[in-house]
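What follows is a set of notes on a single structure, which appears directly below.
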Amino acid sequence: MQYRKDKKGNEISLLGYGCLRFSKKGSGIDIEKTERELMEAIRAGINYFDTAYVYGGSEAALGEILERNSCRDQVKIATKLPHYLMKSVEGAEKLFQEELRRLRTDYVDYYLMHMLSDIETWNHLVRLGIKEWIEEKLAKGQIRNIGFSYHGSAPMFKTLVDAYAWDFCQIQYNYMDEHSQAGREGLQYAHAKGLPVIIMEPLRGGRLVDLLPRSAKKIFELDQEGRTAAEMAFKWLYHQPEVTCVLSGMNSLEMVRENVKTASESYEGCLTEADQELISQIKTEINRTVKVGCTGCGYCMPCPKGVDIPGTFRCYNAAYSEGRASARKDYRFFAMKKNPAGASECIRCGKCEKHCPQQIEIREELKHAAKELEGFQYKVVKLGAKLFKLYG
Ligand code: SF4
Ligand code: SF4
């Protein structure tokens, strides 16, 4: 296993274990199977395990397995504060204590503000006293490193990076999101500020493997060097020195072994010219299924109504390249923001179109995107977010 350093010089394995996708048994987690996979990963040198309060049963399963195998000290636990469930700093303390109980530990190595969406949300938490609470936890050693996870655009990501003395951060990043979400721009910004960056969704929730267009799958099938879709997606990340650790939600021994092998063989600058060419061919095939030629540059932003234009087009395109269900799931993140604004809230002022280098008819395309993405579940989540804001 290869290791990269965190802000304090501690080693983090290049491959991290995402604990969201543990195998299920009945209505709970299959502990025995998960234990075999986790222990295989620990033996192979993986030392970073990422879970969250809201990953149904994941914290408790991780805690049970680590305790049963007496290996808490060999690993670093990352978990997250569901700040959207709390109304006061006392609420944060209650959630944190529950997480410690579930994890059967008295400290968390890496603690994240879960899905910190914008600066208003952070400022709201600051007003509640979250900074003082964090400082106290750091001083007592109950939290060893503080960070945030993020799913929005690059400009807002940079604002959040600068908003506090974070120890690390976590972003969605993969070769198809190079210029969307925080993207390469955000990654390099955080790195330049000395922040280790943990990567989530390296395979876009498996879609860069299972849901590739037929033509892209064919390229891998015919590849003389036998390179695989997962291997290339991971190597693309490991190649970049700004990446500290890449999370993979593993739930089979084969997956653990294959991912460990790739991580062990990878290093900064490991992508060959042939690898880069292969990835570029795959991107071309994925982009062929694209509905809107948005590059995610963000020049059209900000929209006065708060519509996340590039984010909406990313989901709209994904609905055609990767499937409607997963695209709609991604899009529902928008509904959970503090001031959610979906594509349907565009008032057709036209301001954005003046700045689009791709000359996209943004207003028209947003109309189509709203039809495609704003289904029943989106409306329910949005209503829930609105009520929470009113009465929360
Ligand atoms: S046309 Fe719609 S999306 Fe564009 S800036 Fe105006 S409100 Fe925002
Ligand atoms: S300016 Fe155009 S290409 Fe750039 S993010 Fe906006 S819609 Fe996409």
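The values are calculated or read from the model by the stated rules, or taken from the named source; none is laboratory data. Everything numeric in this text was worked out from a predicted model, so none of it was measured. Note: ideal-geometry Cβ built from the backbone for every residue, glycine included; neighbour counts use all protein chains shown.
Things to note:
- Number of the exception - Met113 against (1) surrounded by fewer than 19 Cβ atoms within 10 Å (Cβ to Cβ); (2) touching a residue at least 24 places away in the same chain (Cβ under 8 Å): (1)
- Flag for Tyr320 being of a type in the set (Ser, Thr, Tyr), in a helix (DSSP H, G or I) and over 24 Å from Pro213 (Cα atoms): no
Listed here are the residues, each with its yes/no results for (1) touching a Gly at 6+ places or on another chain (Cβ under 9 Å); (2) polar (S, T, N, Q); (3) closer than 30 Å to Asp162 by Cα.
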{"site": "His191", "(1), (2), (3)": "no, no, yes"}
{"site": "Ile199", "(1), (2), (3)": "yes, no, yes"}
{"site": "Arg204", "(1), (2), (3)": "no, no, yes"}
{"site": "Arg227", "(1), (2), (3)": "no, no, no"}
{"site": "Phe234", "(1), (2), (3)": "no, no, yes"}
{"site": "Leu237", "(1), (2), (3)": "no, no, yes"}
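- Cβ-Cβ distances below 7 Å connect the following pairs, each with a first residue in the stretch 356-378 that is under 15 Å from Asp330 (Cβ atoms), a second residue that is within 14 Å of ligand 1 (Cβ to nearest atom) and not small (Gly, Ala, Ser), and a separation of six or more residues or different chains: Ala369/Thr312; Ala369/Phe313; Ala369/Tyr316; Glu372/Tyr316; Leu373/Tyr316.
- Residue in the stretch 167-178 that is assigned to a loop (DSSP other than H, G, I, E, B), under 29 Å from Glu322 (Cα atoms), at pLDDT below 90 and over 16 Å from the mean Cα position of the chain (by Cα) present: no
- In summary, strands (runs of 3 or more DSSP E) completely within the stretch 1-73 and bearing 3 or more residues that are touching a Leu at 6+ places or on another chain (Cβ under 9 Å) occur at 15-18, 48-50.
- In the stretch 312-347, the residues that are within 11 Å of ligand 2 (Cβ to nearest atom) and at pLDDT below 90: Arg314, Asn317
- Considering residues of the stretch 285-311 that are within 10 Å of ligand 2 (Cβ to nearest atom) and among the aliphatic types (A, V, I, L, M) only, the residue farthest from Lys367 (Cα to Cα): Met301
- Contact annotation: residue pairs with Cβ atoms under 8 Å, 6 or more positions apart or on different chains, pairing a residue in the stretch 29-41 that is closer than 15 Å to Gln74 by Cβ with a partner that is of a type in the set (Lys, Arg), are Glu35/Arg68; Glu40/Arg257.
- So Ile286, is it in a helix (DSSP H, G or I), more than 21 Å from the chain's Cα centre (by Cα), away from ligand 1 (no atom under 16 Å from the Cβ) and surrounded by 21 or more Cβ atoms within 10 Å (Cβ to Cβ): no
- Residues in the stretch 236-278 that are more than 30 Å from Glu35 (Cα to Cα), surrounded by 13 or more Cβ atoms within 10 Å (Cβ to Cβ) and under 21 Å from the mean Cα position of the chain (by Cα): His239, Gln240, Glu242.
- Summed over the stretch 47-67, residues that are over 21 Å from Arg204 (Cα atoms), in contact with a helix residue (DSSP H, G or I) (Cβ under 7 Å, 6 or more places away or on another chain) and not acidic (Asp, Glu) total 8.
- So Ile42, is it buried (at least 17 other Cβ atoms within 10 Å of the Cβ) and touching an Asp or Glu at 6+ places or on another chain (Cβ under 7 Å): no
- Of residues in the stretch 354-364 being in a helix (DSSP H, G or I) and within 8 Å of ligand 2 (Cβ to nearest atom), the one surrounded by the fewest Cβ atoms within 10 Å (Cβ to Cβ): His355
- 2 or more residues modelled with pLDDT of 95 or more and of a type outside the set (A, V, I, L, M): qualifying helices (runs of 4 or more DSSP H) within the stretch 187-276: 229-238, 253-265
- Counting only residues that are within 15 Å of Thr51 (Cβ to Cβ), within 21 Å of the chain's Cα centre (by Cα) and among the aromatic types (Phe, Trp, Tyr), the stretch 106-151 holds 2 of them.
- Residue in the stretch 321-343 that is more than 28 Å from His239 (Cα to Cα) and within 10 Å of ligand 1 (Cβ to nearest atom) present: yes
- Those residues of the stretch 1-37 which are surrounded by 16 or more Cβ atoms within 10 Å (Cβ to Cβ), closer than 22 Å to Leu237 by Cβ and in contact with a helix residue (DSSP H, G or I) (Cβ under 7 Å, 6 or more places away or on another chain), in sequence order: Gln2, Leu14, Leu15, Tyr17, Cys19, Leu20, Glu37
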